[in-house]
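Notes follow the structure.
The values are calculated or read from the model by the stated rules, or taken from the named source; none is laboratory data. Small disclaimer: the values here were computed from a predicted structure and weren't measured. Neighbour counts run over all protein chains shown; Cβ positions are idealised from the backbone, glycine included. Please note that ligands, DNA and RNA were not included when accessible areas were found on the heavy atoms of the full protein model with its side chains. Shrake-Rupley method; radii C 1.70, N 1.55, O 1.52, S 1.80 Å.
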Amino acid sequence: AMKLGAADWRAFVGDPDFVRVPVAGLLSKPYAKARASLISPGRIMDEAAPGDPSKAESPSTTSLAVADAEGNLVALTQTISDFFGAKIVIGDTGILPNNEMRNFSESGPNAMAPGKRMRTTISPTIVVRDGRPFAALGTPGAARILTTTAILLSNLIDFGMGIQKAIEFPRFYPADRELSIEPRFPNETLAALAAMGYKILQRDEYDLFFGGAQGIVLDPRTGRKLGGADPRRDGAVLGY
C-alpha cells in the first residue's frame, strides 16, 4: 500500500500553480479500492506503477501540534530539508536557508521551472471525527513522513491506540525489495516478510530514520487533551 501511494505521489504531485493535481481522484474510495486490488498479501510487489486517478475524479471539483482551551487544533511542520539546510547562516541572524531545491525532479509534474515550488513530503495532519476536531499530528523524516503518518493514523483509528502508544509503536518503511524495520516486531513476522521476498534491514529500536512524531488527541468522552511525543528524536509534551 505504501509503495502504491509513493508511486502516485511521484507521478501526480507538483506545484498546483503549474500542474493539475487530481486530488479528488486520488482521495476517492473507488480509486483506493482499485489500487488495493493490486495487492497480494502473499507476494512482494517488485515495482509499483502509478494509477489513473482521473477516472475516479468528479468534475466539480521540526513538527508540532497545539490545542487551545476551546479545542482548536494546529498541526505545523516546517523544514530546511537537509540537516542545517544550505549550511550557511544569513549574516548574524542565526537563520539557516533551506536547500529544498534538491527536491525538484528531472521530469514530470515536479520538474524545475521559474517561480515554481518544489514538491515536499511534509504532511501536518488534522483529523476530524463526526465534524469535531479529534487529533493533530505530524513528523519530520524525509520520505518516511508519508509512511509514518499513515502508520500513526492507522494506529489511532483502526487499532484504537492512545497517542503515545501510537507514536512509540514499531515502524517500517518499504523501498522496492528492501524493508527497513524496527526490531520490536515478532520474529515470525520478520520471517514471513523475508519469505515474501523482502530484504530485511534491521534499524535501531527507536530509530530517528523513521521521524519524530508529535501529536495531540482530544478525548471525545472527557474533552481532555492527550499529548504524545516521540522518543526517536527530541520530543516533549507541555501543558499550561
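Structure notes:
- Rough spin-label spacing in nm, given labels placed 7 Å along Cα→Cβ, for Leu201 and Asp46: 2.0 nm
- Non-local lysine pairs in the chain, meaning eight or more places apart or on different chains, with alpha-carbon distances under 23 Å, amount to 8.
- Measure of compaction for the stretch 123-220 (Cα Rg per 2.2 N^0.38 Å): 1.15
- Working note: 222 nm ellipticity from helices only, DSSP H runs with n ≥ 4, each -39,500 (n - 2.57), summed and divided by the residues of the chain, gives -5500 deg cm²/dmol to the nearest 500.
- Placing a pseudo-label 7 Å from each Cα along the Cα-to-Cβ vector at Leu27 and Phe185 gives an inter-label distance of 3.0 nm.
- Summary value for the stretch 152-223: 28 percent relative contact order, contacts being C-alpha pairs under 8 angstrom separated by 6+ residues.
- Between Met112 and Val128, the contour length at 0.36 nm per residue exceeds the alpha carbon distance by 2.3 nm.
- Across Val19, Val66, the residue with the most accessible area heads the list, and the full order at a 1.4 Å probe is Val66, Val19.
- Solvent-accessible surface of the stretch 154-240, averaged per residue with a 1.4 angstrom probe and all protein chains in place: 58 square angstrom.
- For the chain, a crude dipole built from +1 on the beta carbon of Lys and Arg and -1 on the beta carbon of Asp and Glu, taken about the Cα centre, is about 440 debye to the nearest 20.
- Solvent-accessible surface of the stretch 1-131, taken per residue with a 1.4 Å probe and all protein chains present: 66 Å².
- Solvent-accessible area assigned to carbon and sulfur over the stretch 146-213 amounts to 56 percent, based on a 1.4 Å probe.
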